[in-house]
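Asks: Structure in structure tokens, see below.
The values are calculated or read from the model by the stated rules, or taken from the named source; none is laboratory data. Keep in mind it's a predicted model, so treat the numbers as computed, not measured. Neighbour counts run over all protein chains shown; Cβ positions are idealised from the backbone, glycine included.
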Amino acid sequence: MKTFTLKTFFFLAFTLFTIHTASAQKTNQKAIIKTVLHCNHCKACETCGMKFKTEMLKIKGVRAYELDDENMTFTIFYNEKKTDLQTIKVAISKLGYDADEVKADPEAYESLDDCCKA
């Protein structure tokens, strides 16, 4: 019977770690979602900016996001095993903003500060 050497242990541990990391990376997705912003300070707005900071990362599966107010886009980094793009778009619409073809929820839009509405 062969003995289990330290070298063998490290080789197996490294192999398992590499396989796990490679499979985890396949679940991360990046999507760019077009929106409409009616002001040039939504990210800094006392109400809307805070809403982005607190609510966007509450969307299940969303790992990170960037709001580009100049180009009016959200770049979303998400785990496709936990959510899908349509679910994220609906969640953004519930914040009061358009998300590609999904229009802003009317009630959520009305709750935005006046400066952030058309």
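Asks: If you check K82, K51, which single one turns out to be in contact (Cβ under 8 Å) with a residue 12 or more places away in the chain, of a type outside the set (A, V, I, L, M, F, W, C) and in a loop (DSSP other than H, G, I, E, B)? Break it down into steps so the answer makes sense when it comes.
Replies: Details: K51 fails: in a loop (DSSP other than H, G, I, E, B).
Going through K82, K51 in turn, the sole match is K82.
Asks: Is it true that Q25 is over 27 Å from D113 (Cα atoms) and either loosely packed, with under 10 Cβ neighbours inside 10 Å or modelled with pLDDT under 70 (or both)?
Replies: It is true that Q25 is over 27 Å from D113 (Cα atoms) and either loosely packed, with under 10 Cβ neighbours inside 10 Å or modelled with pLDDT under 70 (or both).
Asks: On the given criteria, is T35 hydroxyl-bearing (S, T, Y) and touching a strand residue (DSSP E or B) at 6+ places or on another chain (Cβ under 9 Å)?
Replies: It is true that T35 is hydroxyl-bearing (S, T, Y) and touching a strand residue (DSSP E or B) at 6+ places or on another chain (Cβ under 9 Å).
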